[in-house]
Every structure is written in C-alpha cells, then in structure tokens.
1. Tell me, please, whether a residue that is buried (at least 18 other Cβ atoms within 10 Å of the Cβ) and out of contact with any strand residue (DSSP E or B) (no Cβ under 6 Å at 6 or more places or on another chain) can be found in the stretch 103-126.
2. Here are the criteria: (1) touching a helix residue (DSSP H, G or I) at 6+ places or on another chain (Cβ under 6 Å); (2) part of a strand (DSSP E or B). Tell me which single one residue 102 does not satisfy.
3. Tell me, please, whether a residue that is over 17 Å from residue 35 (Cα atoms) and surrounded by 16 or more Cβ atoms within 10 Å (Cβ to Cβ) can be found in the stretch 141-162.
4. Assess whether residue 94 counts as being in contact with a strand residue (DSSP E or B) (Cβ under 6 Å, 6 or more places away or on another chain) and not in a strand (DSSP E or B).
5. Is it fair to say residue 167 is touching a helix residue (DSSP H, G or I) at 6+ places or on another chain (Cβ under 7 Å) and more than 17 Å from residue 63 (Cα to Cα)?
6. List pairs: first in the stretch 113-141 and under 21 Å from residue 69 (Cβ atoms), second exposed (fewer than 11 other Cβ atoms within 10 Å of the Cβ), Cβ under 6 Å, 6+ apart or cross-chain?
7. Just a yes or no: is a residue in the stretch 71-86 closer than 20 Å to residue 190 by Cβ, exposed (fewer than 13 other Cβ atoms within 10 Å of the Cβ) and in contact with a strand residue (DSSP E or B) (Cβ under 9 Å, 6 or more places away or on another chain)?
8. Look through the stretch 32-74, keep the residues that are part of a loop (DSSP other than H, G, I, E, B) and more than 26 Å from residue 92 (Cβ to Cβ), and return whichever of them is modelled with the lowest pLDDT.
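The values are calculated or read from the model by the stated rules, or taken from the named source; none is laboratory data. Please read all numbers here as calculations on a predicted model, not as lab measurements. Using ideal geometry, Cβ is built from the backbone for each residue, glycine included, and neighbour counts are taken over all protein chains shown.
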C-alpha cells in the first residue's frame, strides 16, 4: 500500500504532466476565408479541368515547442455542396449521384491522427486518411508549413501549401472513366489561426 507521501508525489507528477501537455499543445482553427482545396482532372485528354470547394472547416493541433520533435494532428472537413466549377449547371452535375452525391454525403473529411515532423525538412510528407463517399483510404500529403504572427491580426497563424494525388475510383467514383481521368490532383492553401485561451483555460 502506497504511503500518503508517495501518493502526493504521484499526484504532483500527474498534475505537472497534465499542465505540460495542455500548455504545449497549440490548437489552430481553419480560416475558411483563406482555405480553398482545388482539384484537377483530365478531360478526355483534351484539357485539365479545375474546380474548388468554397467551404472548409476544422482544427489543427501543432506542437512546435521542441524543434526536433514537432508533432501535428488535424481534423479537416470539406463541405462537398460548396463545389464550384464556375457554372451552376456544372456544379449541379458535380453534386449529383455520378460524382460527389452530396445529398447522401454532404462532407468529406481528412484526418491526421498524429505525425512527428522530420527535422529541417522543407517539404513534409504527412500520412492521413481521407473519407469520401463513405469510403476511407490512406492519403499522403506533400506539405510546406510556415507559422508566425499575422501582420494584420494580433494572432498567431500557421499556413500550409498542400499537394496530393488520389484515384477517385478508390472511393467508388467511377463515372466517366477512362475519358474523365481517374487521378485527381489536389492543391490546397490552408491557413489556420491559433486559438487563444483565457486565464481560465477557455477558448
């Protein structure tokens, strides 16, 4: 049976661990005004067609206190109904059952459980999972990260330029193959603003 003194020491150590994890885990909320995933796909070998999603939300956790052990995790949600091809008729086509099927699947989600960033890399290859049309598959992102104080806001901001390639057939989107390309290139600027907590720990 542990003595009161040992129990006290264990409780103090547990409290210090809790404080350390809460202090050093920095949470950022995605700035939807500056986050627009763009996708590219071949169109019958004539052109590369592009579209984007106008509404993205989510949270990113980024621990950069130790330059040699920086960690990142994320939960990003893209509103598939916000697809924008430049023409409303085309938007309706993309929202239909042949493509995004937004009535049944109004969102897609990308999750990074937790990843330790390599030291001094310019481009990070970060594994995660993409859920599209109810199917979840592993996807690796090529990411460039830049963080600092925003010049116009009294807040810390992290930005990332992201690229990835997926096969839409992996998620059950087979319409138009092979004329409409299977490989989809994704290019996304992402900006996220640090969540500031008050003295009571509330955001």
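1. No, because not a single residue in the stretch 103-126 is buried (at least 18 other Cβ atoms within 10 Å of the Cβ) and out of contact with any strand residue (DSSP E or B) (no Cβ under 6 Å at 6 or more places or on another chain).
2. If we test residue 102 against (1) touching a helix residue (DSSP H, G or I) at 6+ places or on another chain (Cβ under 6 Å); (2) part of a strand (DSSP E or B), just (2) comes out false.
3. No; the residues of the stretch 141-162 include none that is over 17 Å from residue 35 (Cα atoms) and surrounded by 16 or more Cβ atoms within 10 Å (Cβ to Cβ).
4. yes
5. Details: touching a helix residue (DSSP H, G or I) at 6+ places or on another chain (Cβ under 7 Å): no; more than 17 Å from residue 63 (Cα to Cα): yes.
Against the criterion (touching a helix residue (DSSP H, G or I) at 6+ places or on another chain (Cβ under 7 Å) and more than 17 Å from residue 63 (Cα to Cα)), residue 167 does not qualify.
6. Once the first residue is under 21 Å from residue 69 (Cβ atoms) and sits in the stretch 113-141, its partners that are exposed (fewer than 11 other Cβ atoms within 10 Å of the Cβ) give 119/68.
7. Within the stretch 71-86 (the criterion being closer than 20 Å to residue 190 by Cβ, exposed (fewer than 13 other Cβ atoms within 10 Å of the Cβ) and in contact with a strand residue (DSSP E or B) (Cβ under 9 Å, 6 or more places away or on another chain)), the answer is no, since none of the residues qualifies.
8. Result: 67.
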